[in-house]
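*Asks:* Okay, handing you the structure first.
What follows draws every value from the coordinates through simple rules; no lab data is involved. Owing to the predicted nature of the structure, the values given are computational and were not obtained by experimental measurement. Positions of Cβ are backbone-derived with ideal geometry, glycine not excepted, and every protein chain shown enters the neighbour counts.
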Amino acid sequence: MTNSPVERTVAPSLSGYPLVVLTNLLERLPFVANKIAADGGLHILRKRNNLDDAITTVPVPLQYNCFQQEHSGEQQKTYTSLPSDASPSPFLTYHDYIKAYKGGKLTPSDVADRVIKAIKNSKHLNIMRSYDENSIREQAEASTNRYKANQPLSDLDGVFIPIKEESDIKGYESRVGTVGINVGNIASADSTVVQRLRDAGAIIVGHTAMNEIGWDTFTVNPNTGTPQNAYNLKCSCGGSSGGSGGAVASGIFPIAIGADGGGSIRIPASFCGLYGLKVTHARVSGFGSQHLAPTVGVAGPIAASADDMTLTYAIIAGRDENDQATFMQPSFSLDSYTNTKSLETLRIGIFKAWNDHVMDPIISEKIEVFKKYFTSLGATFVDIDIPELEDARKAHAITISTEISNYVKSKGPEARGKLLYSNRILCCVADTLQPVDYVRAQQVRTRCMQHVKDLFKPVDGKGIDLILTPSTAITSPELHPSLLTHGMTNNPMTSDAMRYAFLANFIGIPAVQVPAGFDARGMPVGLQLMAEWWNEELLLRMAKVCEQTPGVERKKPSEGWFGDILN
């Protein structure tokens, strides 16, 4: 491990009674919280009196704002299927579902009973927060009738998809992993993401468990139960979309919807050996979400295969009249998705000092397998530098802390008092932030966006197309039973999980996580690729290339597997 442009956070890890004591101390003595925040670097930007950059809160450069295309006559292509054959996979994919349905082997109603049974049998995995058996069966019956009439709405028709608990489902409470927020506040309509999935015939199962208010990366949540990783029940599913990651890893679902404000799709996908897509800011509508961290957070898929991830993206992405920010985006295409046999002209950036800062060398070893394959297909690797990356990390932490804390304040003091001790601590720390901290964090965002834009579109015209990193600096950690009673705070481990994830959220670019094999314990390893704003098409194509890379092991879990749904 070498020195890195992103520092490892140094702070004690706490759980159990010491966590309770510290929470009570901070709530009574604000100067202690102030000291913790200062030591953690959250006050450092207020000393940066040399910042004269503009303030950015919508992380898409003006040059990439495509609002005028609304009037250009350009029409967004509608995708109901993919021009792609299924890659070999130990997991069921949507290809398996439509084969069973169209071949007459099973109906969606048959499968609904099996899915409900699997949810009940996997209750100990703590992956689902809420679901409605009657609703599942009614949706399945409607899908069955469409197949009988030979009129399925898409290749997701009859595919069962659970949703992270910060996206509204009509008839459900969006409690965002808490016991005190939105209790009794039943959603009267679906979020845009959920509605688009319904319009494609997908069966909306219910809400998955999540890290309380999305404020960590391991989904240790005593209130709802902590999701267990199907590869090792003692290990984390990641977070904050831990239930969504665990739901797919268990084999019950080929797709789940997560949300990502600091790696919360990609970290669970990495820890669980899955595919996960963090889209460009405002590519997917935020209408009907809880807006925990609106300038860094986006919804997106966690999936068993590249095809499942890609088709889900194509269905949920695009402009939405209910979310004006989505009108910045250009139309998207998947025309190059099946172009997986050549990477000629593709230039991939490597920031070596950053990539080398993993806690387990096997992560780097697994990435070398992909690099060799990409090179064999004609890709060129380019050494790059991303200046001020540590400032960007701290600015992201200030931004997401301010925004989540503001969300909690909007729910009133009673809601805050019912949070887990770990999140009450984070609220205390966020209380020490001043307007100058948030403003200067957005100035740093402007600078970092420019640094990365210069990599993609340099003056000399020889820009890169992708940035390759590990997905996380660690693989899934084992969670000691003591953590499961009061929760935990472990800043060093959190910073290890987020080391490569935060940048895409902070500056708004898209990023994809792909499975990269396993470590010595048999826990999944992940690889991340980041692309230019709005270029999800290249990332999805690369996910398909990665899926076909020789020598990359994928296997179904042995401990928490419930994926024999179609047998």
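*Asks:* Taking the Cα centre of the chain as the origin and placing charges on Cβ (Lys, Arg +1; Asp, Glu -1), which of Asn355, Thr178, Leu566 is farthest toward the positive end of the dipole?
*Replies:* Thr178
*Asks:* Continuing with the same structure: About the Cα centre of the stretch 102-186, what is the dipole size in debye to 20, counting +1 per Lys and Arg Cβ and -1 per Asp and Glu Cβ, all else neutral?
*Replies:* For this selection, approximately 300 debye.
*Asks:* Given Cβ point charges of +1 (Lys, Arg) and -1 (Asp, Glu) and nothing else, what value in debye, to the nearest 20, does the dipole of the chain about its Cα centre take?
*Replies:* 640
*Asks:* If you don't mind, there's one more thing I want to ask. If you find the alpha carbon centre of the stretch 73-138 and of the stretch 468-542, how far apart are they in angstrom?
*Replies:* 25
*Asks:* Same structure, new question: For the stretch 103-180, just list the percent of Cα-Cα distances falling in each 5 Å bin from zero outward, please.
*Replies:* Final binned percentages: 3, 13, 22, 21, 19, 11, 7, 2, 1, 0.
*Asks:* So what's the projected area for the stretch 189-281, the Cα convex hull averaged over all directions, in nm²?
*Replies:* The number I arrive at for the stretch 189-281 is 6.3 nm².
*Asks:* Averaged over all directions, how much area does the convex hull of the C-alpha atoms of the stretch 290-381 cover when projected, in nm²?
*Replies:* 9.0
*Asks:* Only counting other Cβ atoms within 10 Å, I'd like Thr178, Thr549, Thr280 sorted with the fewest neighbours first.
*Replies:* Least crowded to most crowded, the residues run Thr549, Thr178, Thr280.
*Asks:* Once you charge only the Cβ atoms, +1 for Lys and Arg and -1 for Asp and Glu, what is the size of the charge dipole of the stretch 134-271 about its Cα centre, to the nearest 20 debye?
*Replies:* That gives a dipole near 240 debye.
*Asks:* Restricting to Cα pairs below 8 Å that are 6+ residues apart, what does the relative contact order work out to for the chain? Please round to a whole percent.
*Replies:* Relative contact order of the chain: 24 percent.
*Asks:* Let me ask another. Of the cross-linked pairs Lys123/Lys544; Lys278/Lys544; Lys352/Lys394; Lys99/Lys170; Lys164/Lys371; Lys371/Lys457, which ones have a Cα-Cα span greater than 25 Å in the structure shown?
*Replies:* Pairs exceeding 25 Å: Lys123/Lys544; Lys99/Lys170; Lys164/Lys371.
*Asks:* Run through every distinct alpha carbon pair of the stretch 501-542 and return the Kirkwood hydrodynamic radius in angstroms, one decimal place.
*Replies:* Computed over Cα pairs of the stretch 501-542, the Kirkwood hydrodynamic radius comes out at 11.3 Å.
*Asks:* Which distance in Å, rounded to a whole number, links the C-alpha centroids of the stretch 258-329 and the stretch 197-230?
*Replies:* A separation of 14 Å, based on Cα centres.
*Asks:* Moving on. Residues of the stretch 76-103 with amide nitrogen under 14 Å from the 7 Å Cα-to-Cβ point of Asn567?
*Replies:* Residues 90-92 qualify, since their backbone N sits under 14 Å from the label point.
*Asks:* Hey, what's the per residue convex hull volume over the C-alpha atoms of the stretch 237-326, in cubic angstrom?
*Replies:* 81
*Asks:* Could you work out the percent of alpha carbon pairs in the chain separated by over 46 Å, rounded to a whole number?
*Replies:* I get 8 percent for the Cα pairs in the chain exceeding 46 Å.
*Asks:* Shape call for the stretch 367-470 from the C-alpha gyration tensor, a ≥ b ≥ c root eigenvalues: rounded (a/c under 1.5), prolate (a/b greater than b/c) or oblate?
*Replies:* Prolate shape, in that a/c is at least 1.5 and a/b is the bigger ratio.
*Asks:* Then there's this: What number do you get for the stretch 289-340 when its Cα radius of gyration is normalised by 2.2 N^0.38 Å, N = residues?
*Replies:* That works out to 1.33 for the stretch 289-340.
*Asks:* Can I ask one more? Can you give the Rg and Dmax of the stretch 360-421 based on its C-alpha atoms, in angstrom?
*Replies:* Cα only, the stretch 360-421: 21.0, 59 Å (Rg, Dmax).
*Asks:* Could you please tell me the mean projected area of the C-alpha convex hull for the stretch 1-158, averaged over all directions and given in square nanometres to one decimal?
*Replies:* 20.0
*Asks:* Moving on. Work from the charge dipole of the stretch 10-126 (Cβ charges, +1 for Lys and Arg, -1 for Asp and Glu, about the Cα centre) and give the residue of Pro30, Gly41, Leu19 farthest towards its positive end.
*Replies:* Final value for the positive-end residue is Leu19.
*Asks:* Taking the mean number of other Cβ atoms within 10 Å as a proxy for protection, how do you rank 148-156, 204-212, 338-346, 289-297 from highest to lowest?
*Replies:* Listed from highest to lowest mean packing, they are 204-212, 289-297, 148-156, 338-346.
*Asks:* Quick check on the chain: helices-only [θ] at 222 nm, where DSSP H runs of length 4 and up contribute -39,500 (n - 2.57) each and the sum goes over total residues. Nearest 500, please.
*Replies:* -11000 deg cm²/dmol
*Asks:* Here is a further query. If the stretch 482-567 were replaced by its equivalent ellipsoid, with semi-axes equal to the square roots of 5 times the Cα gyration tensor eigenvalues, what would those be, largest first, whole Å?
*Replies:* In descending order, the three semi-axes are 26, 24, 13 Å.
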